[in-house]
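The values are calculated or read from the model by the stated rules, or taken from the named source; none is laboratory data. Quick caveat: nothing in here was measured; it's all calculated off a predicted structure. All Cβ positions, even for glycine, are placed from backbone atoms using ideal geometry, and neighbour counts span all protein chains on display.
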Amino acid sequence: MIEASVCTIGDEILIGQVVDTNSAHIARALGETGIRVRRMLSIGDQREQIRDSLLNELRMSDVVITTGGLGPTKDDITKAVLAEISGSKTYVENAEQLAIVYRILHGRGLEVLPNNKAQALVPDRCEVIPNPLGTAPVMVFRFTEQEVGHPAALYALPGVPYEAVGILPKVMDDIRTHFELSDIHHRNLMVYGLAESALSELIAPWEDALPKDIHLAYLPNPLTGIRLRLSIYGGRKEEELQRIEEQITRLKAILGNRIYSYQDDSLEETLGRMLKAAGKTLSAAESCTGGEISHLITSVAGSSAYYLGSVTSYAISVKETVLGVPPEIIEQYGVVSSEVAAAMAEGVRRLTGSDYSVATTGLAGPGGDEKNPVGTVWIAVSGPEGTRTVSKCYKNDRKRNIERFAAAALDFLRLYLIETKML
């Protein structure tokens, strides 16, 4: 199988001034093309470090993709290093990229300066993939077995994410032309309601029985739960996907409704599909989550088809006057209680006329007490089959607690919809 290294170049990444998003996009494109990424590396703006790192990656990988260091200023030294390691003797002007330089700068009303024109100068041993989105082209260097121990190619992309991502399809086309590729087969399924360690223990017998060529990865996230990814590298697509499906069927028998999606989904996307398919509507009443649930739901395109709105009832007075929570319930049970959560859910459902509603009340932090320690949340869901509540407690900071409260509320709603068989 063809393997690749992805390298970002620039001190701005190493000091945390710029977040590297290019590597994720490149790795995803490589995987979809049938290439396994073996390493990701960030390199500073030092000539020797760039040279030695890239030569090392070329010796280990069939394909090396770099981003950064191709600009018109003096700190952009990648092109010079690539000229050195490729054995180039001089620079040549690429007419197509030069025309793009003129078009872009004149389109902005700018003068074309000598250092702008120099963007179209490339080492004589490279091939050029013109970059219509920026002034620096993609430079392609091909290395022989005598040079790095095996045939290899290095693709130098600009560091601006808009340009790097935009030119990736052409880069992948070039890779397909020059390499014999295998298929990579991935299937994702999403699990919520179990810690990673508990999930691992629960499915250990199934995991231990997996064929050696089927690889399992755990990818936890507080908002989406745990993504389980099953992968096979190589083989015939239809046959390998069928083998993965057989394993997923066995896993479903173990996890049941803890699996909320058999694709790379979020809880809010899954809920949206359920509600939209059934023609049902939803509303929310939020206290401790402060609008996070509403934000997640409305982040899904088309959510207006099923989401009516929310009340962020942070103050007790809003719970009482807007949602209609009886003061005596708050006085008797406290704001953070099953009874108040239920009254909030019923109140917002009555107020909006929605088929279903979800509500939260809790303590995200930093305050808490013996009855309700920091991280306590009460969640309520109301619908035609009645109102249900559940309590959760998380030991995180305030921001993470709010995220977990919201995700837990969405999952509790999902299970309510399944278990009442209303959808």
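Laid out as a table, the results:
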| quantity | calculated |
| --- | --- |
| From the options ARG273, ARG229, ARG258, ARG236, residue that is charged (D, E, K, R) and without any contact (Cβ under 8 Å) to a residue 12 or more places away in the chain | ARG273 |
| Cβ pairs under 9 Å, 6+ apart, first in the range 282-298 and without any contact (Cβ under 8 Å) to a residue 12 or more places away in the chain, second of a type in the set (Lys, Arg) and surrounded by fewer than 22 Cβ atoms within 10 Å (Cβ to Cβ) | none |
| Entirely in the range 11-116, the strands (runs of 3 or more DSSP E) that have 1 or more residues that are surrounded by fewer than 18 Cβ atoms within 10 Å (Cβ to Cβ) | 36-43, 91-93 |
| Breaking point among (1) under 35 Å from the mean Cα position of the chain (by Cα); (2) surrounded by fewer than 24 Cβ atoms within 10 Å (Cβ to Cβ); (3) touching a residue at least 40 places away in the same chain (Cβ under 8 Å); (4) within 20 Å of ALA408 (Cβ to Cβ), for VAL348 | (2) |
| Pair list, Cβ < 7 Å and 6+ apart or interchain, from the range 132-143 residues that are under 17 Å from GLY159 (Cβ atoms) to residues that are polar (S, T, N, Q) | THR135/ASN116; THR135/GLN119; ALA136/GLN119; PRO137/ASN94; PRO137/GLN97; PRO137/ASN131; VAL138/ASN131 |
| Output for the range 314-357, where each listed residue is among the basic types (Lys, Arg) and farther than 11 Å from ALA380 by Cβ | LYS319, ARG350 |
| Tabulated pairs, the range 61-81, first more than 11 Å from GLY159 (Cα to Cα), second of a type in the set (Lys, Arg), C-beta under 8 angstrom, 6+ apart or interchain | SER61/ARG38; SER61/ARG39; ILE77/ARG47; ALA80/ARG47; VAL81/ARG47; VAL81/ARG51 |
| VAL374 being surrounded by fewer than 24 Cβ atoms within 10 Å (Cβ to Cβ), among the β-branched types (Val, Ile, Thr) and either at pLDDT 95 or above or in contact with a Lys or Arg (Cβ under 6 Å, 6 or more places away or on another chain) (or both) | no |
| Condition met for TYR416 (within 20 Å of THR224 (Cβ to Cβ), aromatic (Phe, Trp, Tyr) and out of contact with any helix residue (DSSP H, G or I) (no Cβ under 6 Å at 6 or more places or on another chain)) | yes |
| Residues within the range 280-291 that are under 26 Å from the mean Cα position of the chain (by Cα) and surrounded by fewer than 22 Cβ atoms within 10 Å (Cβ to Cβ), tallied | 2 |
| Hey, THR249 surrounded by fewer than 18 Cβ atoms within 10 Å (Cβ to Cβ) and outside the structural domain of ASP397 (by TED's automatic domain parsing) or not | yes |
| The one condition in (1) of a type in the set (Ser, Thr, Tyr); (2) surrounded by 15 or more Cβ atoms within 10 Å (Cβ to Cβ); (3) within 20 Å of the chain's Cα centre (by Cα) that THR135 fails to fulfil | (3) |
